[in-house]
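**Q** Got a structure for you, written out below as structure tokens; questions coming shortly.
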Amino acid sequence: MTETATLKIWRGEDPAAGRWEAHAVPFERGQSVLDGLRWIRVNKDPSLAIRFSCINANACKECMMELDGETVYACTARLEPREMTLSPLSNKTLVRDLVTEIAPPAERFAAERIAVKEKP
Amino acid sequence: MSTSPVHIETDVLVIGSGAAGMYAAIEAARAGCRVLLIDRSLIGRGGATVMAQMTVAVALGEEAPDHWSHHYKDTLTAGRGLCNEPLSQLLCEQGPECIREMEAWGVGWARKDGKITSAFAPGHDRPRCVYVDFLNTGPAVSKTLRTAVYKLKSVARAGDLCVVDLIKSEGEVRGAVAWHAGSGAPVVISAKATAVATGGLTRLYRRNSASANMGGDGYALCLRAGAPLIDMEFVQFFPIGHLAPRLIGMDPIMWDPFRYKLGGRLLNRDMQEFTDRYGVTEDGRYVITRDLGTYAILKEVEAGRGSPHGGAYLSFQHVPEAKLREAFGPVIDRLAANGIDLTKMPVEVAPIAHYHMGGVAADVRMRTEVSGLLVAGEAVGGANGANRLSGNAITEALVFGREAGRTAAAHAKATKAVPAPNGAADEAVALIAGDGPKEVPNSAAMLQRLQAVMADDVGPLRTEAGLKRALAVVADMTAALGDRPFGDGGRFDMQRLDWFDLRNMLTVARSVTEAALARTESRGAHQREDFPGMLPEWRLNQTVRLNGGRLEVSRPPAPRTEVAAQ
Ligand SMILES: Cc1cc2nc3c(=O)[nH]c(=O)nc-3n(C[C@H](O)[C@H](O)[C@H](O)COP(=O)(O)OP(=O)(O)OC[C@H]3O[C@@H](n4cnc5c(N)ncnc54)[C@H](O)[C@@H]3O)c2cc1C
Ligand code: FES
């Protein structure tokens with residue numbers, strides 16, 4: 001029997017109306033939680049929304065989420081052969097699933113901040 | 001979905017916020033333009049720049065004498081006769097100015113005895129590579145530029161904006177259409193000048209050092225807008241990418257800086273140095289160039305002398321613990337957390353896709369063939385020929401970014417009004433806002449399949465049969481992708497993002513593969529098993545164009561004549 005990690009993931013676009021989804025992920029030593037989430041997208045459900053860029057380097061700092069209620073980087077949190085609960089950052093505006101709005105306001109797209117024209 | 005697009009106007013639009021894009025934005029703003037700097041990821045975090053760990057090649061001559069012409073000569077030699085000399089010269093000649101400006105902005109290049117210090121890297125004739133300790137070059141470069149951008153009131157910045165197509169009307173590029181990931185809405189950006197600084201394409205391969213945003217978007221965007229690409233067959237593999245044991249929180253190219261500082265020994269299954277078999281004697285020093293290192297490791301594996309996971313061993317066991325700590329301090333602890341003690345064990349390494357020498361064809365002012373369209377950074381092809389020297393890529397991003405910003409500003413100033421899209425944005429807007437098909441394949445699995453095919457058949461060692469196999473798969477996948485984006489078009493719709501990524505990646509994969517198939521010789525990063533020698537008649541640069549959906553590879557009628565470096 002190969003070991004598995006069970007990722008219990010919060011899904012939804014409305015903080016008040018989400019659902020939990022559990023996926024069993026084959027466990028291998030030296031994998032990150034982000035590896036597990038990417039495995040789910042390829043093998044189970046590509047609609048799962050996660051924010052990440054650098055994958056391994058821990059340089060982009062985009063993959064922040066909550067693991068068992070604690071804020072972590074998904075790419076440095078170790079995948080473990082147990083149930084791991086993943087939810088979006090609770091102190092940030094939810095976008096979808098595990099993705100929240102984490103950019104500083106001045107670096108977000110906000111039509112009203114940038115000179116906007118009428119539709120041509 | 002029927003979201004009507006938001007419409008934005010600016011003088012200069014910069015797409016991509018790596019070193020090239022940020023420097024371009026700064027320069028265009030300094031020249032008095034309104035600039036909009038956008039990125040599909042967050043500003044300053046999405047690409048290769050923030051991930052770079054070490055060395056920036058530049059002839060500063062602080063510690064010991066150097067001159068840009070020596071750097072230039074080494075660059076041309078490494079490029080195996082294919083460098084676009086004016087671009088290489090620009091990189092080497094202007095490098096020092098940009099590096100000093102970065103220092104003035106507070107990047108903090110490592111110093112010894114008060115002087116900016118340089119490391120030696122393979123292919124350079126002397127120590128020429130500046131860096132920020134420890135493994136912090138990329139983050140420091142990115143942060144410094146981000147802060148410099150922040151101080152400029154005339155630069156507006158916005159992340160989560162993924163450019164889907166450039167707007168081309170009446171023969172000129174007039175901005176871009178972007179998908180706003182956060183809302184799923186289309187955004188039309190009209191600009192007097194547009195600079196594409198979207199970085200490289202190494203996400204095309206299974207094992208890579210890329211971020212999720214490096215699928216070669218800019219190459220596809222420019223191709224579709226009518227700008228040609230050059231040297232697409234030359235994808236650089238970094239020979240000693242981490243292979244085993246699995247590591248968390250470390251970039252796979254981390255062993256490069258280790259080798260710079262500590263040498264290290266590259267060993268085969270029998271714990272023997274082997275690069276001398278392929279013409280380079282290392283003897284514990286780090287001198288092998290990337291193309292040769294990749295070749296040597298892959299050939300050793302092919303001969304049955306590879307390490308257990310199919311690569312080579314890299315050993316620092318002969319280096320005392322104190323020396324390891326002095327050189328890499330906190331990184332040694334991170335390795336320990338992963339169960340790695342370098343004094344006791346070797347690690348396994350193997351080639352990974354790392355950088356793209358090819359790219360959009362541009363002149364020394366970063367102009368493409370299409371009016372209003374500029375390029376910068378790794379998106380530009382030609383400066384590094386068939387093989388890039390360590391450290392040249394960040395210099396290239398800085399220098400070319402600055403140049404693109406200047407040219408964009410000049411172009412914008414010479415343009416009276418922001419040109420209207422005149423309907424040329426409609427198609428891309430419809431793609432972004434359209435309903436997806438009901439039944440779709442798994443987009444993430446498709447991406448993985450493309451990466452596997454590219455790695456297996458369009459990697460560093462190529463054959464006609466393999467390249468043709470890859471083209472067939474790419475054609476199949478292009479058909480499976482169809483012309484309607486997957487997903488629901490809602491917020492952060494990753495299936496839709498995958499679809500846009502695949503649309504670009506399949507086009508770029510085709511460009512690389514067709515160019516590789518056409519080049520019936522071996523040179524630098526392009527090694528044909530069926531055409532092993534480097535041939536003088538192939539001393540020429542191939543061009544790829546998109547013509548009514550058809551990709552065309554062409555080459556000049558005669559090879560280039562020798563241009564001796566000074
Ligand atoms: C792990 C790693 C380590 C490296 N180390 C070194 C080193 O030590 N020395 C060296 O010289 N070179 C190094 N390189 C290469 C070097 O970092 C890059 O060539 C250089 O940083 C490229 O800069 P850039 O600005 O052109 O592109 P990038 O920094 O890659 O930035 C491109 C940006 O464009 C954005 N983008 C892409 N597509 C779109 C789109 N469609 N819409 C909007 N935005 C988009 C991306 O999100 C990204 O932020 C390294 C590369 C990697 C991957
Ligand atoms: S994915 Fe970049 S820090 Fe985690």
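The values are calculated or read from the model by the stated rules, or taken from the named source; none is laboratory data. As the structure is a prediction and not an experimental result, all values here were calculated from the model. Here the Cβ positions follow ideal geometry from the backbone for every residue, glycine too, while neighbour counts run over all protein chains shown. The accessibility values were calculated without ligands, DNA or RNA, using every heavy atom of the protein model including side chains. Shrake-Rupley method; radii C 1.70, N 1.55, O 1.52, S 1.80 Å.
**Q** Check whether at least one residue in region B:253-260 is more than 14 Å from every other protein chain (Cβ to nearest Cβ) and open to solvent by 20 Å² or more (accessible area, probe 1.4 Å), and report yes or no.
**A** Yes.
**Q** Six or more apart or on different chains, Cβ under 9 Å: which pairs go from a residue in region B:195-216 that's more than 16 Å from ligand 2 (Cβ to nearest atom) to one that's outside any helix (DSSP H, G or I) and modelled with pLDDT under 95? Could you list them?
**A** Short answer, once both residue conditions are applied: B:R207/B:P252.
**Q** For region B:54-70, state whether one or more residues are within 14 Å of another protein chain (Cβ to nearest Cβ) and either surrounded by fewer than 20 Cβ atoms within 10 Å (Cβ to Cβ) or assigned to a loop (DSSP other than H, G, I, E, B) (or both).
**A** yes
**Q** OK, next. Consider B:S4 against the criteria (1) in contact (Cβ under 8 Å) with a residue 40 or more places away in the chain; (2) surrounded by fewer than 22 Cβ atoms within 10 Å (Cβ to Cβ): it satisfies all of them except one. Which criterion is unmet?
**A** (1)
**Q** Restricting region B:84-106 to residues that are among the aliphatic types (A, V, I, L, M) and in contact with a helix residue (DSSP H, G or I) (Cβ under 7 Å, 6 or more places away or on another chain), which is most open to solvent (accessible area, probe 1.4 Å)?
**A** B:L90
**Q** Among the residues in region B:119-131, are any of a type in the set (V, I, T), open to solvent by less than 20 Å² (accessible area, probe 1.4 Å) and away from chain A (no Cβ under 13 Å)?
**A** Yes - at least one qualifying residue is present in region B:119-131.
**Q** Does region B:540-551 contain at least one residue that is within 30 Å of A:R51 (Cα to Cα), out of contact with any strand residue (DSSP E or B) (no Cβ under 7 Å at 6 or more places or on another chain) and small (G, A, S)?
**A** The answer is no; no qualifying residue exists.
**Q** Here are the criteria: (1) small (G, A, S); (2) crowded, with 23+ Cβ neighbours inside 10 Å; (3) within 27 Å of B:G241 (Cα to Cα); (4) away from chain A (no Cβ under 14 Å). Tell me which single one B:G81 does not satisfy.
**A** If we test B:G81 against (1) small (G, A, S); (2) crowded, with 23+ Cβ neighbours inside 10 Å; (3) within 27 Å of B:G241 (Cα to Cα); (4) away from chain A (no Cβ under 14 Å), just (2) comes out false.
**Q** Output yes when any residue across region A:14-26 is within 16 Å of ligand 1 (Cβ to nearest atom), out of contact with any helix residue (DSSP H, G or I) (no Cβ under 8 Å at 6 or more places or on another chain), open to solvent by 30 Å² or more (accessible area, probe 1.4 Å) and within 12 Å of chain B (Cβ to nearest Cβ), and no when none is.
**A** No, region A:14-26 contains no residue that is within 16 Å of ligand 1 (Cβ to nearest atom), out of contact with any helix residue (DSSP H, G or I) (no Cβ under 8 Å at 6 or more places or on another chain), open to solvent by 30 Å² or more (accessible area, probe 1.4 Å) and within 12 Å of chain B (Cβ to nearest Cβ).
Here is a yes/no grid of residues against (1) away from ligand 1 (no atom under 16 Å from the Cβ); (2) over 28 Å from B:P245 (Cβ atoms); (3) open to solvent by less than 40 Å² (accessible area, probe 1.4 Å); (4) in contact with a Leu (Cβ under 9 Å, 6 or more places away or on another chain):
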| residue | (1), (2), (3), (4) |
| --- | --- |
| A:K44 | yes, no, no, no |
| A:S47 | yes, yes, yes, no |
| A:S53 | no, no, yes, yes |
| A:N56 | no, no, no, yes |
| A:K61 | no, no, no, yes |
| A:M65 | yes, no, yes, yes |
| A:R82 | yes, no, no, no |
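**Q** So is B:D493 within 11 Å of chain A (Cβ to nearest Cβ), more than 24 Å from the chain's Cα centre (by Cα) and open to solvent by less than 20 Å² (accessible area, probe 1.4 Å) or not?
**A** So B:D493 fits the description; yes.
**Q** Exactly one of these conditions fails for B:R34: (1) under 29 Å from B:V132 (Cα atoms); (2) in contact with a strand residue (DSSP E or B) (Cβ under 7 Å, 6 or more places away or on another chain); (3) surrounded by fewer than 22 Cβ atoms within 10 Å (Cβ to Cβ). Give me its number.
**A** (1)
**Q** When the residues of region B:393-429 are narrowed to those that are more than 14 Å from chain A (Cβ to nearest Cβ) and part of a loop (DSSP other than H, G, I, E, B), which ends up most open to solvent (accessible area, probe 1.4 Å)?
**A** My answer is B:K416.
**Q** Check off (1) out of contact with any strand residue (DSSP E or B) (no Cβ under 6 Å at 6 or more places or on another chain); (2) farther than 25 Å from B:L292 by Cβ; (3) modelled with pLDDT of 95 or more for B:K73 and give me the number that stays unchecked.
**A** Of everything listed in (1) out of contact with any strand residue (DSSP E or B) (no Cβ under 6 Å at 6 or more places or on another chain); (2) farther than 25 Å from B:L292 by Cβ; (3) modelled with pLDDT of 95 or more, B:K73 misses just condition (2).
**Q** Count, please, the residues in region B:500-539 that happen to be in contact with a strand residue (DSSP E or B) (Cβ under 6 Å, 6 or more places away or on another chain) and surrounded by fewer than 18 Cβ atoms within 10 Å (Cβ to Cβ).
**A** Number of matching residues: 5.
**Q** Looking only at residues that are more than 10 Å from ligand 2 (Cβ to nearest atom) and within 8 Å of another protein chain (Cβ to nearest Cβ) in region A:48-80, which one is farthest from B:D488 (Cα to Cα)?
**A** Looking at the filtered set, the residue picked out is A:R78.
**Q** Here is a list: B:H356, B:H318. Which entry is open to solvent by 60 Å² or more (accessible area, probe 1.4 Å) and not charged (D, E, K, R)?
**A** B:H318
**Q** If you check B:G372 against the conditions, is it farther than 27 Å from B:A353 by Cβ and in contact with a His (Cβ under 7 Å, 6 or more places away or on another chain)?
**A** For B:G372, the condition - farther than 27 Å from B:A353 by Cβ and in contact with a His (Cβ under 7 Å, 6 or more places away or on another chain) - is met.
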